[in-house]
Structure formats: structure tokens, C-alpha cells
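K.L.:
Shown below is the structure under consideration.
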Amino acid sequence: NVANNVSYMRQIKAGIVPAEVEQLSMADRYNEYMMVSLRTSWGCSLKYLQKQFDIDLPLRFASQLTALAAKGLGKVEKGQFVLTEQGRLFADGIAADFFIDQL
């Protein structure tokens, strides 16, 4: 949908179906995946990150993962990086620690 409500309503009244297409860079796709997946109970797939983005999360972000584990906020288990119930309360902030500018 179009983000501007006034424009959206104007187009609807004119009989136009308003739509926008957003083209995400690979870095943006990665950041979106991290932000959304860390909000879930199953977390993010390390295999998916490696395959889709060529990112080895435990290698690239070792210090962040270690700090989260020490605080009881997240862990790597069964090929997934998951936040604990407590960690999910801070999911957006934690995800931002894993964001990248470019791939």
C-alpha cells in the first residue's frame, strides 16, 4: 500500500488501485530477516543465513552471541539463533546489533 494516507484515498476515489513496490538490497533483506525472525520463538536459521546471505553468524558476530548468552537473552541451538523469552522483550534492539550496512 501507499504510505501516504491522503494520496491513498485520492487514488481510491479516482478508481486507481494504489500500490508501491519496494526493492530491497541484499543487506536490507538480511536486516529484515534478522528483525522479523528474532521476534519468533524459533529464531533465525543459521543455515538460511549462510545460504541466502553468505553470513556465518556465529563467526561474524561471536562477541554479540557470547554476550547475549551470558545475559540469558539468547543462544545458538540446533542450527538456530533464538532469543529467550526475556530476550524477545528486547528483540528489536538485539536485532539491530546484528544489522549490516552492505553485503
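K.L.:
Do we find that Tyr33 is aromatic (Phe, Trp, Tyr), without any contact (Cβ under 8 Å) to a residue 40 or more places away in the chain and either touching a Pro at 6+ places or on another chain (Cβ under 8 Å) or under 30 Å from Val2 (Cβ atoms) (or both) in this structure?
P.N.:
Here the answer is yes, as Tyr33 does meet what is asked.
K.L.:
If you don't mind, there's one more thing I want to ask. Select from region 40-60 the residues that are surrounded by 15 or more Cβ atoms within 10 Å (Cβ to Cβ) and assigned to a loop (DSSP other than H, G, I, E, B) and list them in ascending order.
P.N.:
Selection gives Gly43, Ile55.
K.L.:
Same structure again: Report, by residue number, each residue of region 61-98 that is under 14 Å from Met35 (Cα atoms), in a helix (DSSP H, G or I) and open to solvent by 30 Å² or more (accessible area, probe 1.4 Å).
P.N.:
If the condition is that a residue be under 14 Å from Met35 (Cα atoms), in a helix (DSSP H, G or I) and open to solvent by 30 Å² or more (accessible area, probe 1.4 Å), then Arg88, Asp92, Gly93, Ala96 are the ones that fit.
K.L.:
Moving to a separate point now. Given Glu32, Glu20, which one is open to solvent by 80 Å² or more (accessible area, probe 1.4 Å) and not in a helix (DSSP H, G or I)?
P.N.:
Glu20
The values are calculated or read from the model by the stated rules, or taken from the named source; none is laboratory data. All of these numbers come straight from a predicted model, not from anything done at the bench. Ideal geometry is used to build each Cβ from the backbone, glycine not excepted, and the neighbour counts take in all protein chains shown. Surface areas here come from the heavy atoms of the whole protein model, side chains and all, with no ligands, DNA or RNA. Shrake-Rupley method; radii C 1.70, N 1.55, O 1.52, S 1.80 Å.
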